[in-house]
Each structure stands twice: as structure tokens, then as C-alpha cells.
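Written out below as C-alpha cells is the structure these notes cover.
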Amino acid sequence: MKTWIVSPVVLLAPLCAQQQPQHQLAREIFKQLIEINTTDSVGDNTCAAEAMATRFRDAGYPASDVRVLGPVPRKGNVVVRLHGAGPARPILFIGHLDVVEAKRSDWSFDPFVFREQDGYFYGRGTSDMKGDDATLIATFLRLKREGFRPVRDMILALTADEEGGNSNGVDWLVKNHRDLIDAEFAINADSGGGDIKNGKRVFMSVQAAEKVFLSFKLETSNSGGHSSLPTRDNAIYHLADGLSRLAKFDFPVRLFDVTRAGFERMANLYPGQLGADMKAVVLNPNDAAAVARLSALPLYNALLRTTCVATMLSAGHAENALPQSATATVNCRLLPVDKAEDVERTLNQVLADPAIKVSALAAPKPASYTPINPKVLGVVNATTAKMWPGIPVIPKMSTGASDGIYLIAQGMPTYGVSGSFGDEDDVRAHGRDERVLVQSFYDAVDFMYALVTALGKG
């Protein structure tokens, strides 16, 4: 995600005066967002959406182009449209306003009071993702102020429930108000972004694919009986033996354009065996030694293949009775080029026990995978080169998920792009004392403006 620990003096030489009006406006928006609690439990996403809607209307956006809507109170979304000159389908920019829970007792200070200290901005949502929201909002306000007219409509949607609420955000919008957010493609500021290692910028990433979330229920049943008369036909043993086989199984390596390009470009950034293994697996995905070493590292293992892992167990009904049932939940993260039915078939083969019933807990959100749009990647490359000469742009696949999956499932390719750089060894998103470097935030404001205007020019 987007957190920082390194010295701002060493890392980030200012590219422009920090106190220019655009930076000051973005900081004011950032502060306002942080101090509106948007947690699922007691927060109010609608309050934040309305506050931003007021800013857009005050900036000259017609009321008809600024919509606050949602299915329930406290779960409002704001959708803003900047009209363009041509008929091409719009570009959609998305970010979420909600944040994960934060207890005052866990933090060194109040997580819902914006704090600037020692070169950082602190507060719940600074890195995930109200800082990025502020860069988008400041950009759309500046475009209106400058009279910028893009070649096509550009839409900004700031939404609820990305952090695990009740799907009142992008999912609800795309199902119930597709006309408001329909676009040729989307830019998601909640993913992508720059990577910092040992105090230096290493690369800028563009999320160009997401894994697909799919959980299965594994269940065994038995007639049971008294525990004093055990038999070998035991529901727990059947399930445990099957899970043991699954623990030893790896899905085959399957690279596609995003992961192949990612490994190829990262190989030049990491010295020694790691970089050599990345090069080797690009040349030959069946290189057993390179695959084994990469697979020992959880991140690269997840980038190489579909994964399935046991996450929950339940069995038996009494300590003096043979179990009548045993169940497990296995969570899979599918490569976007893999199919759910193939994964289920493979699970049954690996479990190798007809006594284990396998069933999907919920339907996945599959989508036909669309290769990277080279024009979008080209704009990100050019903008990054202008801001940070020499920093490479690397396409990446998210091993988790974001709101982009709802758009991808509806045929809207979505690319994760953020101008924020974060230290890969100090990830504080969802954690205590969440923070972002002040200078990195201001640079992200400039990056997002440059990116949006470049896309808006065609």
C-alpha cells in the first residue's frame, strides 16, 4: 500500500514549491477527509461524499453533474462528470472514501485528527486512500478552474464499502447506475504507485490485473458413534488427509502478459539470485530450480500461479462422540486467465477422496481478461519519466483485490495508478499510526494532474 519510513530529505528532493496553491488546496481537502470518520461501524461515508460534492459545486460544476447517491444512509457515493468535446466513451477515475476501523487506544494519537509531524501526514486513511482521493479531487477542481475541456467526458467516482462493507459502492453503482460511470476504461488510484527500497525510489507500478477471489467449502460426513468404539472411517481424518495433500500441491506456473512483463522488468532492479531467477522464469516458466526459489517467497509464489489455502476448520459435536461432520474453508486466488471450473476440478483431483464434497461458497466474479492497453501504459510511462526521470514503470497483478474487480467483471478494463511512493518495508495501511510523506503527497498531486490532463488530451 502507501506508507513511508525513510527520510524525506534523502528520498524526495522537491520538484516544485510545496506551498503553491494547488498543494495547499489538496492539503485542505486531505485534512477534511481524514477528519470525517468513514469507518463501517460508526462512520458516515455520505458526510464525506456531500462535503466533496459541495466543493465541486462551488467550483462551478453544474448540480446535474455532481451526484451523491447510495442505497442506504451513511453509504453515499459521489460521482462527478467533466464534459468533453468528443463522442468517445469516457474515462472513469475511482477511489474509495471509506477506511478500516481504528481505535484511539491502539494509536499514539487520535487517528481521526489530521497531523503533520517530522515530514509526514498522519491519520487513518492517509495511505489507504484519502491521500489519493485528495489528489483526484484537487485535479478535477483545477481542471474546472482552468477551463480544461478534455477530448471526451471524464468521470470521478468516490465510493463506499471498499474496505469490506456491504457492497454499497462501486458494485452498487455499476449494477444500478451504470450510465453514470460507464467508461471505456478506468483508472483506480487505490492501487499501483511507487516503490521505495532502502531510501530510494525503485519503480512505479501499474496494476493491470487482479486475481479472482473464490472460496470452497470442503465437507465430509459420517454416521458417527461412540468415541470408545473408533473406526478408521472418520470424517476428520478424511478431511485432514485431503488437506495434507493440498498443502503439498502447487498449481502450475502460468505467466501472462502482465506477470511476464513484471518479472522481466523487475529482474533488472534486483541483484543477485533473485533477479537471475526472475529472468530465468521469463525465459522458461518450467525452470524448476528458479521456480522453487521464487515460490519460497510468498509474493512471487502468488504472482506465478493460482493459489488455494485452507483458512478455516470445524468438526465434531462432542468430545465423546465420533465426528458426524468436518468442514474446511479453502480460499483460492485465481489468475485472471484461469477458470473457476478448472480450479474446482483440480481441487477434487488433489484431495483424491470421494468422501470429501467440494462446493463453491459463492460464485466468483470472473471476467474475460483484456491485455494491457499500450496507450494507457504509454501515458503512465511518459508522466512518470517527466516526474521522476529514470524510474521504470512495471505492470503488476494484484494478489488481493480492489474495487476494480467489479468494473473488470462488467467489461471495463481497470488500471491501478497512483503517484504516491511507499516504502515496501514499512506498510502501515490498515495499521497503527498510518502515515504518508508530506513531499510524496505533494508530488502525487502534481503527478495525478499531469496524468489526468494527458489522458484528457487523447
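General remarks:
- Listed pairs Lys375/Lys457; Lys197/Lys396; Lys144/Lys175; Lys197/Lys375; Lys357/Lys396 exceeding 24 Å between Cα atoms: Lys144/Lys175; Lys197/Lys375; Lys357/Lys396
- Translational diffusion coefficient of segment 369-458 (Stokes-Einstein, Kirkwood radius from Cα pairs, 25 °C, 0.890 mPa s): 164 µm²/s.
- With coordinates expressed along the principal axes, the C-alpha atoms belonging to segment 227-330 extend over 62, 21, 21 Å, beginning with the largest.
- Axis angle, to the nearest 10 degrees, between helix 235-247 and the longest C-alpha principal axis of the chain: 50 degrees.
- Contact order relative to length of segment 216-350, as percent, for alpha carbon pairs under 8 angstrom and 6 or more apart: 36 percent
- Helix 130-146 axis, angle to the chain major axis (alpha carbon atoms, nearest 10°): 30 degrees
- Legend: Rg and Dmax of the chain, from Cα coordinates, 24.0, 83 Å.
- Normalised convex hull volume, segment 41-165, alpha-carbon set, Å³ per residue: 123 Å³
- Nearest 10 degrees, 0 to 90: helix 45-58 Cα axis against the chain principal axis: 20 degrees
- Here the scattering of segment 162-262 is modelled by Debye summation over its C-alpha atoms, one equal scatterer each and no solvent; at q = 0.12, 0.14, 0.22 Å⁻¹ the log10 of I(q)/I(0) is -0.81, -0.92, -1.24.
- When the helices of the chain are scored as -39500 (n - 2.57) per DSSP H run of n ≥ 4 and the total is divided over every residue, the value at 222 nm lands at -10500 deg cm²/dmol.
- Per-residue ³J(HN,Hα) for segment 27-32, Karplus 6.51 cos²θ - 1.76 cosθ + 1.60, θ = phi - 60°, Hz, x for Gly and Pro: 5, 4, 5, 4, 4, 4
- Relative to the globular-protein estimate of 2.2 N^0.38 Å, the Cα radius of gyration of segment 120-221 stands at 1.41.
- Karplus-derived 3J(HN,Hα) values for segment 111-126, using 6.51 cos²θ - 1.76 cosθ + 1.60 with θ = phi - 60°, are x, 10, 10, 5, 9, 10, 7, 6, x, 10, 9, 10, x, 5, x, 4 Hz; glycine and proline are entered as x.
- Sites Lys339 and Gln24, calculated FRET efficiency, Cβ-Cβ separation with R0 56 Å, nearest 0.05: 0.65
- Using θ = phi - 60° in the Karplus curve 6.51 cos²θ - 1.76 cosθ + 1.60, the 3J(HN,Hα) couplings for segment 275-289 round to x, 5, 5, 4, 4, 5, 6, 5, 6, 8, x, 9, 5, 4, 5 Hz; x is entered for Gly and Pro.
- Taking amide H positions as modeled 1.01 Å from N, with prolines and chain starts lacking one, the residues under 5 Å from Ser205 and 5 or more places away or on another chain are Gly193, Gly194, Asp195, Ile394.
Readers should treat all values here as calculations from the given coordinates under stated rules, not as data from a laboratory. Predicted, not measured: the structure shown is a model, and the values here were computed from it. Here the Cβ is made from the backbone with ideal geometry for all residues, glycine too, and neighbour counts use every protein chain on show.
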